[in-house]
Amino acid sequence: MASGNTARITRMYKALSTESENIVSNVISICYFMRGGISYDDLMFRTPGERDLISNFIEKRLEEEGKRENPVY
């Protein structure tokens, strides 16, 4: 970074920008499916591992409920 390699800095900036957009998108989705069970701010302070576990739980529940005759979402 100290060498002033502009191309490298640009790639790193784009990668970080994309990663932050993915985090915000994931947090918004979790907040939506939790229906007020956790706030946006609270979820932003969770670790990536915790957010992944919550997302996996939601996906699993949606899949299971989708197979039921009378799903409860």
**Request:** Go through region 33-49 and give me each residue that's surrounded by 11 or more Cβ atoms within 10 Å (Cβ to Cβ) and either touching a strand residue (DSSP E or B) at 6+ places or on another chain (Cβ under 7 Å) or assigned to a helix (DSSP H, G or I) (or both).
**Result:** 33, 34, 40, 42, 43, 44
**Complete:** Checked pairs for region 1-24, first within 23 Å of residue 43 (Cβ to Cβ), second modelled with pLDDT of 95 or more and hydrophobic (A, V, I, L, M, F, W, C), C-beta under 9 Å and 6 or more apart or across chains, list as 23/44; 24/44
**Complete:** Scanning region 53-67 residue by residue, the ones that are among the basic types (Lys, Arg) and surrounded by 12 or more Cβ atoms within 10 Å (Cβ to Cβ) total 1
**Request:** Give me the pairs, please: first residue somewhere in region 46-73 and closer than 14 Å to residue 33 by Cβ, second residue anywhere and surrounded by 11 or more Cβ atoms within 10 Å (Cβ to Cβ) and of a type in the set (Lys, Arg), beta-carbon distance under 8 Å, and either six or more positions apart or on two chains.
**Result:** 54/46
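The values are calculated or read from the model by the stated rules, or taken from the named source; none is laboratory data. Since the structure is predicted, the reported quantities are computational estimates derived from the model, not experimental observations. All Cβ positions, glycine included, derive from the backbone under ideal geometry; neighbour counts span all protein chains shown.
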